[in-house]
Number of protein chains: 2
Amino acid sequence: MNNTNVFSALAEPNRFQIVELLRRGPLTVGEISERLAIRQPQASKHLRVLLEAGVVEVHAEANRRFYGLRRESFQEMEDWLKSITEVWEERLDRLEQYLQVMKENQKQRPE
Amino acid sequence: MNNTNVFSALAEPNRFQIVELLRRGPLTVGEISERLAIRQPQASKHLRVLLEAGVVEVHAEANRRFYGLRRESFQEMEDWLKSITEVWEERLDRLEQYLQVMKENQKQRPE
DNA sequence: ATTTAATATTCCCTTGAAGGAATATTCCCG
DNA sequence: CGGGAATATTCCTTCAAGGGAATATTAAAT
């Protein structure tokens, strides 16, 4: 994840809402535009952006197109976040170790 | 996290790079602008955006200002991601359960 | 083959975000 | 107090993203 495209995709409020909407499973363009109260062309445009950013995937079914969240995309974001927060975890671990050592020393030489 | 501000903050390549730069710990504006090879005013501007989005925090020290990543912000993103992916996990669990049941039935009535 | 539903695309316009350059602010030091 | 370093802010300009409206495309149905 050095892909700022994913972030720009999610930065737009309507697109973020689309993602929220797709939590429970894929929806058609019509359903999406209806529930978000936006016009169909805007829905299509936003979905295109999400698609190209890899946030979303389509599968056609006759006339309709179902858009659903793309797992890999979210997995990548999670990995990236972990790669950042794990540094902090390590620091916490070291702090705990340190405190533990201090505690041991206290036991050996009370008062 | 319904805050698209965080995403718009990270959507800009320079700002994303700033976050990457701050992984190891806080830096001053000067250091940041130097390492990213951007002019100081731009660095300040980007840092302002990151600050207002809550991605980053400052603490002043004499003349300088150290910017560092703000943990809460990343925690919130992680929580949001989990709230999305956990639905998938549940589904997987149910699938596994289902497969397990089928396996049991096989044992009871082989061939 | 024509019509109709669902979706995508295009064109135009407006607004906001980002960079450049200059300037303001803050703080330390002598 | 005056000077200089570090940082923030302002003004201006440019460019791309997003909405509206109209139109094109695709596929089904009759």
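FYI, it's all coordinate maths here, none of it is from the lab. As the structure is a computational prediction, the values presented were derived from the model and not from experiment. Quick reminder, even Gly has a Cβ in these numbers, built from the backbone with ideal geometry, and neighbours come from all protein chains shown.
For the range A:4-70, which semi-axes, largest first and in whole Å, follow from the square roots of 5 times the eigenvalues of its Cα gyration tensor?
Numbers: eigenvalues 57, 35, 22 Å².
The equivalent ellipsoid of the range A:4-70 has semi-axes of 17, 13, 11 Å.
Note on the protein assembly as shown: the alpha carbon radius of gyration divided by the globular reference 2.2 N^0.38 Å gives 1.36. For A:Arg94, the point set 7 Å out from Cα toward Cβ sits 4.5 nm from its twins in the other copies, listed from shortest up. Between copies, the label points of A:Ser44, set 7 Å from Cα on the Cα→Cβ line, lie 4.7 nm apart, reported in increasing order to one decimal in nanometres.
Each Lys or Arg adds one and each Asp or Glu subtracts one; over the other residues with Cβ under 13 Å from the Cβ of A:Ile38, this totals +1. Around A:Phe66, what is the net charge, scoring Lys/Arg as +1 and Asp/Glu as -1 over all other residues with Cβ under 13 Å from its Cβ? Neighbourhood net charge equals +1.
For chain B, calculate the relative contact order in percent as a whole number, restricting contacts to Cα pairs under 8 Å that are 6 or more residues apart. Once divided by the residue count of chain B, the mean separation gives 24 percent. Modelled label positions at B:Arg23 and B:Ala62, each set 7 Å beyond Cα in the direction of Cβ, lie 3.0 nm from each other.
When B:Phe66 is represented by a point 7 angstrom out along its Cα-to-C-beta vector, the spacings to that point in the other copies are 5.3 nm, nearest first. Less than 5 angstrom separates the built amide H of B:Thr28 from those of B:Tyr67, all sequence-distant by 5 or more or on a different chain.
Return the FRET efficiency for the residue pair A:Glu89, B:Lys45: r is the Cβ-Cβ distance, R0 is 30 Å, and the value is rounded to the nearest 0.05. That pair, A:Glu89 with B:Lys45, gives E of 0.40.
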